[in-house]
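See below for the structure under consideration.
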There are 2 protein chains.
Amino acid sequence: MNEKDEKIFEAWVALIRSHQMLTDAVENDLKQAGLPPLSWYDVLLEINREPDCRLRLQDIGSRILLAKNNVTRLVDRLEKEKLVTRKKCKSDGRGVYAYIEPEGKALLKKMWPIYRQSVLTHFKAGLSDKDIGNLCAILQILRSSAPSGTEKSELVHGTERNIKNVN
Amino acid sequence: MNEKDEKIFEAWVALIRSHQMLTDAVENDLKQAGLPPLSWYDVLLEINREPDCRLRLQDIGSRILLAKNNVTRLVDRLEKEKLVTRKKCKSDGRGVYAYIEPEGKALLKKMWPIYRQSVLTHFKAGLSDKDIGNLCAILQILRSSAPSGTEKSELVHGTERNIKNVN
DNA sequence: ACAAAATAGTTGCAAATGGAACAAAATATG
DNA sequence: CATATTTTGTTCCATTTGCAACTATTTTGT
C-alpha cells in the first residue's frame, strides 16, 4: 500500500465518519423537535420540486438513492400520514406517482427551519467559504465518476436545485 | 437563505449522496465476494490496532460511531462466528473487552484486498492527489468541530492510524 | 460511609432495511 | 405477431437498527 493509497483511505474513512457524525447530529435535532426523519424531508422535497408536484416511485428511488422496495415502504409511511397520495400512471401501467399533499408541503415548511439550523450549526462550523466550495467540487467529482453499474447508478441526477420555495 | 448558506446545503447534500453511493458500491463488492459487511471489518480493525488486541465495547462504539446497544449486538454476531471473544474487564466490573481471535485476524486479511480494491476503484476515480489532500483536510475540520454534545460526541478520536499491518 | 447520580452493557420490542420472489405491464427479439 | 426479457412496483422473510427499560458497577457529593 503506497503513500497515495493511504491518503485515499484516510479520506475514505474521514468521509464515512463525518457523514455518520453529521447525520446523527441532524437526525437527533429533528427528533428533539418532534419531527420525522430526514428521509421524509428528502422525499417530500424531491416531489415538491417537480412542477406538477408528483414523482414516480422509481424516480424517488434514484434521486435519494434508495432501493425500490424501501421506496415503496417509505411512501407507504408518508401516505399513511396523508402527506402524499399514490396515483397510477396512465402512460405506463406499471408506474405509480406519489403526489405531495398540502399536509406534505406544510410539513416541509415546518421542518425546514429546524433542519436548516441544524445543518448550519453542525456542518458549517469551522469551514471557510473556500472550504465549502472545494468540498462541493470534490464531492461532485466523486458522484459523477460512478460508472460502477450496479443498477443503482443509473442516475446522474440533474443539478441540485434549490431547497427554498416550498410554496 | 443567503448565497453562502445555499452553498453549504449543496455541500451537505453532496456529502450525503456521495456517501450513500460509495458505501452502497463497496458493500456490494464485499457481498459479491461473499464477505461480511464493512461494519465487521471496522470493528475487527479497531480491535486489531490495539497493542493487546482487545478493546472495550464502549470504545468500539466511540471509534466507529455506533450506539452501545448496537455495539453489543454487532459483537454478538462477531462472537458467534468466533472472530472475537468477550472477557470481563477486571479493573472495571461493568466493562467488557472484545478480544480479536486468530480467525478475526484471518478475516481482516481476507477482506482487505477486496475492500482496498473496491475503495480505490469507486472512491479514488477522478480525484487528483490534491483533491484527496483537500478532502482529508476539510473532513478533518468537520469532524473536529463537533461540540454538539449529544452524548455520542464524547469522542474526538485520536489520529486515524493506518489501515495496514493486519499482522 | 452512604445515598444519589452516572456509566457500561444487555435485553425486549417496534421500526426500518436488504434480498429474493412475485405480478403486471412494457419493450425487445425472432 | 408471439414470446422472451426488462422494468416497475409490491410482498414476504430475515437481519439490523433505534429506543426505552433494566441490572450491575463505579463515581460523586455530603
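The values are calculated or read from the model by the stated rules, or taken from the named source; none is laboratory data. Note that the coordinates shown come from a computational prediction; the quantities given were computed from them, not determined experimentally. Here the Cβ positions follow ideal geometry from the backbone for every residue, glycine too, while neighbour counts run over all protein chains shown. Note: areas computed on protein heavy atoms with side chains; ligands, DNA, RNA excluded. Shrake-Rupley method; radii C 1.70, N 1.55, O 1.52, S 1.80 Å.
With Cα atoms defining each centre, region A:27-94 and region B:75-139 are spaced 34 Å apart in the structure.
Computed about the Cα centre, the dipole magnitude for region B:76-135 is approximately 280 debye when only Lys and Arg (+1) and Asp and Glu (-1) carry charge, each at its Cβ.
Pairing the Cα long axis of helix B:102-119 with the longest principal axis of chain B, what angle in degrees results, from 0 to 90 and rounded to the nearest 10? Relative to chain B, helix B:102-119 is tipped by roughly 10 degrees. Against the main long axis of the alpha-carbon atoms of chain A, helix A:38-49 sits at an angle near 60°. Which value at 222 nm does the protein assembly as shown reach when only helices count, each DSSP H run of 4 or more adding -39,500 (n - 2.57), with the total divided by all residues and rounded to the nearest 500 deg cm²/dmol? The per-residue figure over the protein assembly as shown is -19500 deg cm²/dmol.
Computed 3J(HN,Hα) for region B:76-81, one whole-Hz value per residue from the Karplus formula 6.51 cos²θ - 1.76 cosθ + 1.60 where θ = phi - 60°, is 3, 5, 4, 5, 4, 8, glycine and proline marked x. For the pair B:LYS68 and B:GLU50, the difference between a 0.36 nm per residue extended length and the Cα-Cα distance amounts to 4.5 nm. Spacing of the modelled spin labels on A:LYS110 and A:ALA125, each 7 Å from Cα toward Cβ, amounts to 2.8 nm. Calculated FRET efficiency, A:ARG77 to B:GLU103, Cβ-Cβ distance, R0 = 45 Å: about 0.65 to the nearest 0.05.
At 1.4 Å probe size, put A:GLU81, A:GLU46 in order of accessible surface, largest to smallest. Please report the intermediate quantities before stating the final value.
Details: A:GLU81 100, A:GLU46 5 Å².
Reading off the accessible areas and sorting them downward yields A:GLU81, A:GLU46.
Of all chain B C-beta atoms, the nearest to the rotation axis linking B with A is recorded, alongside its rounded Å distance, as B:HIS19, 2. Only protein heavy atoms count here; on that basis, with a 1.4 Å probe, B:GLU6 has an accessible area of about 50 Å².
Quick one: helix A:129-144 against the long Cα principal axis of chain A, what's the angle to the nearest 10°, folded into 0 to 90? Orientation of helix A:129-144: about 70 degrees from the principal axis.
Residues whose amide H falls under 5 Å from that of A:GLU101, counting only those 5 or more places apart or on a different chain, are A:VAL84, A:THR85, with hydrogens built in the peptide plane. Just name one of A:ASN2, A:LEU44, A:MET21: the one whose Cα is farthest towards the positive end of the charge dipole of region A:1-115 (beta-carbon charges, Lys/Arg +1, Asp/Glu -1). The residue sitting most towards the positive pole is A:LEU44.
In this calculation the C-beta distance from A:LYS90 to B:ASN28 is compared with R0 = 25 Å, giving a FRET efficiency of 0.10. With viscosity 1.306 mPa s and temperature 10 °C, the Kirkwood radius over alpha carbon pairs of the protein assembly as shown converts through Stokes-Einstein to a diffusion coefficient of 74 µm²/s.
Placing a label point 7 Å from Cα along the Cα-to-Cβ direction at B:SER91 gives distances to the equivalent points in the other copies of 6.8 nm, listed shortest first.
Exposed loop sites here are trypsin sites (Lys or Arg not before Pro) assigned a DSSP state other than H, G, I, E or B and surrounded by at most 16 other beta carbons within 10 Å; excluding them, the longest clear run of chain B is B:1-81. In the calculated pair-distance distribution of chain B, the portion above 26 angstrom amounts to 37 percent of the Cα-Cα pairs. Taking every residue in A:86-95 and counting other chain Cβ atoms within 10 Å of its Cβ, the average works out to 0.
Note on region A:59-149: Cα Rg divided by 2.2 N^0.38 Å, N the number of residues, gives 1.45.
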